[in-house]
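The values are calculated or read from the model by the stated rules, or taken from the named source; none is laboratory data. The shown structure was predicted, so the numbers you read here are calculated from the model rather than taken from an experiment. Ideal geometry is used to build each Cβ from the backbone, glycine not excepted, and the neighbour counts take in all protein chains shown.
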């Protein structure tokens, strides 16, 4: 197991596939990173040399991934919601944002859209509000 | 990731689309609302503080422009759809 930036990358996986374990890296970005480091298509994680791993980690550390990316998306959605746009409203309702039909389906939006306003609330303005909301509970536990 | 949005974006040389509102200075000073149907007008920095009544197809809805809104369109703040709410009886 290779531990990179808080994600475990399994040894037996192909590098292209293993990179997609990161939140924020799909097949496309994985292919770009691999071609940048001239890693061939079928190279596996345990075949990577130490220098390659170091180069890989330096490239990945410059990208916005995992929690940073989630925070960034969440901040964007929060901003849209706060200024009162239609897009922000749709996010809050858990409905599709780009004008899709909602008679049936729209499963993905229902599953995903509302979570950006719920979790990962790191914007400094909301932090005190959550502090107030949480304080009675913490007092009870004490 | 946003390849298509960039490809379909408006040409840079044109600049953002916006309209000159005659009563803008008055609106910022005195808070007089500007009635408009230009939903596609981009909110520019000089419009901050103005009050608009933006048409949504049926009514003119109030929109107060703040700094955060710069770069968005006026229409984004005047919602066109009514939220559905279920009622048990038809008579009420």
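Below, the figures for the structure above:
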quantity	calculated
Helices (runs of 4 or more DSSP H) within the range A:32-97 that include 1 or more residues more than 30 Å from residue B:81 (Cα to Cα)	A:50-61, A:66-83
Residue B:67 more than 15 Å from residue A:86 (Cα to Cα) and facing chain A (nearest Cβ under 10 Å)	yes
Test for residue A:91: is it modelled with pLDDT of 85 or more, loosely packed, with under 15 Cβ neighbours inside 10 Å and within 18 Å of residue B:68 (Cβ to Cβ)	no
Test: residue in the range B:49-59 that is within 12 Å of chain A (Cβ to nearest Cβ), without any contact (Cβ under 8 Å) to a residue 40 or more places away in the chain and assigned to a loop (DSSP other than H, G, I, E, B)	yes
Count of residues meeting criterion [out of contact with any strand residue (DSSP E or B) (no Cβ under 6 Å at 6 or more places or on another chain) and not in a helix (DSSP H, G or I)] in the range A:1-31	15
Single residue of A:99, A:84 found to be within 14 Å of chain B (Cβ to nearest Cβ), closer than 26 Å to residue B:63 by Cβ and touching a strand residue (DSSP E or B) at 6+ places or on another chain (Cβ under 9 Å)	A:84
Residue match in the range B:35-46 (condition: within 13 Å of chain A (Cβ to nearest Cβ), surrounded by fewer than 13 Cβ atoms within 10 Å (Cβ to Cβ) and assigned to a loop (DSSP other than H, G, I, E, B))	no
Filter pass, residue A:79 being loosely packed, with under 10 Cβ neighbours inside 10 Å, modelled with pLDDT of 85 or more and either closer than 27 Å to residue B:62 by Cα or within 14 Å of chain B (Cβ to nearest Cβ) (or both)	no
The range A:24-40, residues that are surrounded by 14 or more Cβ atoms within 10 Å (Cβ to Cβ) and closer than 13 Å to residue A:63 by Cα	A:24, A:25, A:29, A:30, A:33
